[in-house]
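Here the structure comes first, spelled out in structure tokens, and everything after it is commentary.
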Amino acid sequence: MDEKHKFNPNELLEPSSMLRLYAGGAFPMADEVTGEINWYMPTIRTIIPLDNFNIPRSFKKEVPKLNFEIKYDTDFLSVVKGCAERDKTWISGELIAAYLRLEKIGHVHTVEVWQNDNLVGGLYGITYKGAFFGESMFSRVMQASKFALVKLIEHLNERKFIVLDVQYMTEHLKMFGAKEISFDEYNRLLISANTCDCEF
């Protein structure tokens, strides 16, 4: 299976098509230079097991000092723009417009970290049935993105989600128990998730 599949974005950035592709294990990224949107389906996927995650001990000690407030789904546009604030980004304007269409029908969600009434970090992802497909996170102050991830994991467990997909392994995610699995194993998890009607 090729890792990259090129499609006509005019056809496959509509909500129903996007959800079908996510449910099958694909995700979109825009080329950092050209803006061309491709759909990817890596043969190795990274998940954070919702029944076996880890919260670093050092982070637990920091939490009481952080003075963070968590909100859900109050300012998607600011969150996605925060995630795109870098020299090069795969989050193009066309992709943001597609996310906004998904948000209108309840399939894009944010975990937002606020401090003194300022948005200082957060993450967003797409939901379908019992799966949360994490797309990106950002942090403007120390520990904000970690705090958002912890709250996401707790929230997904409370709502009985099956899968937390984080696409690719990073050192940041590894601290929280992320692990790489084969696409076959990932697909079995998706099949299980697709039988659940979870609400974020």
Inset, instruction - Kindly list, by first and then second residue, each pair from a residue in the range 163-176 that is in a helix (DSSP H, G or I) to a residue that is modelled with pLDDT of 95 or more, limited to pairs with Cβ atoms under 7 Å and residues at least 6 apart or on different chains. - result: Leu173/Thr46; Leu173/Ile48; Leu173/Val166
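Which residue, of Asp117, Asp197, Asp165, Asp184, is within 25 Å of Leu13 (Cα to Cα), surrounded by fewer than 16 Cβ atoms within 10 Å (Cβ to Cβ) and not basic (Lys, Arg)?
Values: Asp117 fails: within 25 Å of Leu13 (Cα to Cα); Asp165 fails: surrounded by fewer than 16 Cβ atoms within 10 Å (Cβ to Cβ); Asp184 fails: within 25 Å of Leu13 (Cα to Cα).
Residue meeting the stated conditions: Asp197.
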Legend entry - Candidate set: the range 120-146, residues that are in a loop (DSSP other than H, G, I, E, B) and surrounded by 16 or more Cβ atoms within 10 Å (Cβ to Cβ); chosen: the one modelled with the lowest pLDDT: Gln143
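When you go through Thr74, Thr46 one by one, which is the residue that is assigned to a strand (DSSP E or B), farther than 21 Å from Met142 by Cα and of a type in the set (Ser, Thr, Tyr)?
Numbers: Thr74 fails: assigned to a strand (DSSP E or B).
It is Thr46.
Residue by residue, here is whether (1) more than 30 Å from Phe183 (Cα to Cα); (2) in a loop (DSSP other than H, G, I, E, B) holds:
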{"residue": "Met18", "(1), (2)": "no, no"}
{"residue": "Pro28", "(1), (2)": "no, no"}
{"residue": "Trp39", "(1), (2)": "no, no"}
{"residue": "Phe53", "(1), (2)": "no, yes"}
{"residue": "Lys61", "(1), (2)": "yes, no"}
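The values are calculated or read from the model by the stated rules, or taken from the named source; none is laboratory data. No experiment lies behind these values; they were computed from the predicted model shown. Note that each Cβ is placed from the backbone with ideal geometry, even for glycine, and that neighbours are counted across all protein chains shown.
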